[in-house]
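Notes for the one structure printed next.
Read-outs throughout are calculated quantities, based only on the coordinates presented, and are distinct from any laboratory measurement. Note that the structure is a prediction, hence the values are computed from the model and not measured. All Cβ positions, even for glycine, are placed from backbone atoms using ideal geometry, and neighbour counts span all protein chains on display.
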Amino acid sequence: MPRAPEKSKKKTAKKTAKTATKKAAPKKAKSTKKPAARKTTTKKAEAKKTPTKKAPAKKSAAKKRATPQKALTTYRHKRDFGRTPEPSGAQADGSHAGEPSFVIQRHRARALHYDFRLEIDGVLVSWAVPKGVTLDPKARHLAVHVEDHPLDYADFEGVIPAGEYGGGDVIVWDRGTWELHGADDARAAVEAGEIHVELHGEKLAGRVVLVRTGDAQASREQWLVLHKKDDAAVAGWNPEDYPKSVISGLDNDEIAARRARVWTRHGEEPGAPPVPTFDAPTADELAALDALGAKGTWTLQGRELALTNLDKVLFPARAKGERAVTKRELVRYFACIAPTMLPYLAQRPLNLHRYPDGVEKQGFWQKQAPAHAPEWIPRWHREDADEGESELYFVADSPPALAWLANHAAVELHAWTSHIPEVERPDYALIDIDPGTNTTWDELLTLARLHRTALEHIGVRGYPKTSGKRGLQVWIPIVPGPSFSETRDWVDKLSRSIAQVAGDLVSAVWEKRERGGRARLDYTQNAINKTLVAPYSVRAAAGAPVSMPISWDELDDPELRSDRWTIRTALDRLAEVGDLMAPMLTDAQQLPELG
Ligand SMILES: [Mn+2]
């Protein structure tokens, strides 16, 4: 389901921040109408804060509807925000236009549970549901009413350190908007012990009922959550069968594995996350692909792929006597290269350069994942997308995902240089040595060698690869922390010092036509959602060349060319020299100050 409502929520929240104080007044006035209904929860909250002093003295407070800030007292009291990455809710203003939101988080604390949170009066009213919220109309699941959480908790996924309250890993399992049914005051309904809601989520939909079964004064009120028998109900539906986050596409294990990286930013527990591994297609699977007609269903690692136009030529031959390259070959290459290539794509939004009519025709960029794409390819939802920008990006996480993309003629795969969800923090600094029309290959090699010398001089390890067309690139893995503007400035400084040495070879002017045919050291790709082609990606050129990692020594190989390797030779090269960029995946560095 599209998540447009969430986006408008965010934008409106900013706008309405100014008017938050104004809105407090009418709320108080409204609250005097229904004091009785709200008494219990406020009492409960008071009881938690100050267990020794109970009810009577605080009765006047019970007559007011709690402001978001007040409602979050218990939440804050339980947490040390110097230690947990959870949001403090300090900015909670609580009001926005549009439908209220809901979120369900899958939380592996001491025991696995799902946290079901409904936005009511500027906070997330919350229940811990051990067996989760389901579409199964027969299920009656226990739900324990817990403290209100701040609205920005809806975005939280990550690891709460062991020893802290709720220590464990959290993913955003589902979210969307909801509508109240059969009542006109949600807070009053909760306090009366029964609330009927219609959910519009990505996994859940339809009518859900929460009803209190235990003592309203108990410190942990017991409730039941159930799904009505409506059109959205699905018999036997089990939340555990849908374990991935609707934000990042990751499951709890994968979020937990990211812990090292997340905490590095705060200077704690350095260490690279494990590099994911993937299986290659089997010989039988490849034989089945080769045996298909022009179209048909190919089963790869349990996924059914409806392949089309397999014999269509996507790339013309590069030389006389060579065969042109068909879509079947592209699908085969992406499936075979997947185990090597996917670690460079993992947890990164993907920009696609597609050529449905072959690379001799105009291609186009596709960033937005289309609605018809299979559900098993994870998407990442970009919260802060500007108007007209893509909001839903693919994140490739399996060989079948790459094969699916190849079938859609996504010839070039450009992964972001930052990970989700912290996409504002790059984990690579990129040097793009881009030849001008007059730059010779030897001159390009000279520029690459100058970079090698400069990097050696400052003690930074860079990893070179061919662009697959005419250029060379150097990728520098960095510890996430600097912003894109910082890495851009760093690469700019480095390039300027090289340009001083090699002035007549280099142009720093962006426009190709203005740079007198000279090479350009392009630092501007160090920006969010700007990308270089991924290692092992195919390029849109005759013969289907591939962007290939190389060793620095290969700059001296007279055979080296940027487009030396193609989808027909890349796998042999890999078998021969291995993945020369693999060390980069666990070699994050701090960029030194440049004078
Ligand atoms: Mn929880």
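Observations on the model:
- Global geometry of segment 376-428, whether rounded, prolate or oblate, following the gyration tensor of its Cα atoms and the 1.5 cut on a/c: prolate
- Here the residues ARG382, ARG461, ARG470, ranked from fewest to most Cβ neighbours within 10 Å of their Cβ, fall in the order ARG461, ARG470, ARG382.
- Gap separating the Cα centres of segment 405-419 and segment 430-469, nearest whole Å: 24
- Computed over segment 283-415, the P(r) tail beyond 27 angstrom holds 19 percent of alpha carbon pairs.
- Segment 202-241 shape via C-alpha gyration tensor axes, a/c threshold 1.5: prolate
- Two-site FRET efficiency, ILE458 against GLU576, from Cβ-Cβ distance with R₀ of 41 Å, rounded to 0.05: 0.80
- Using θ = phi - 60° and Karplus 6.51 cos²θ - 1.76 cosθ + 1.60, couplings along segment 444-455 (whole Hz; Gly, Pro as x): 4, 4, 4, 4, 5, 5, 4, 5, 4, 5, 4, 5
- 3J(HN,Hα) from dihedral phi, segment 130-143, Karplus parametrisation 6.51/-1.76/1.60, rounded to Hz, x for glycine, proline: x, 9, x, 8, 9, 8, 6, x, 8, 6, 10, 9, 4, 9
- Only Lys, Arg (+1) and Asp, Glu (-1) charged, at Cβ; segment 283-415 dipole about Cα centre in debye: 560
- Going from the residue with the fewest nearby Cβ atoms within 10 Å to the one with the most, TYR165, TYR536, TYR242, TYR153 rank TYR165, TYR242, TYR153, TYR536.
- Each part gets one Cα centre, and for segment 275-305 versus segment 519-595 those centres are 27 Å apart.
- Given charges at Cβ of Lys, Arg, Asp, Glu: segment 428-586 dipole, positive-most of THR531, LEU571, PRO545: THR531
- In this label model, ALA294 and ALA111 are separated by 6.0 nm, measuring between points 7 Å along each Cα→Cβ vector.
- In this structure, the pairs whose alpha-carbon distance is over 25 Å, taken from LYS465/LYS493; LYS493/LYS530; LYS138/LYS203; LYS131/LYS244; LYS78/LYS228, are LYS78/LYS228.
- The eigenvalues of the Cα gyration tensor, multiplied by 5 and square-rooted, give segment 103-167 an equivalent ellipsoid with semi-axes of 19, 16, 10 Å from largest to smallest.
- Amide H contacts under 5 Å for GLY176: PHE102, restricted to partners 5 or more places along the chain or on a different chain, H placed in the peptide plane at 1.01 Å from N.
- Exposure proxy order (Cβ contacts within 10 Å, fewest to most) of LEU532, LEU292: LEU292, LEU532
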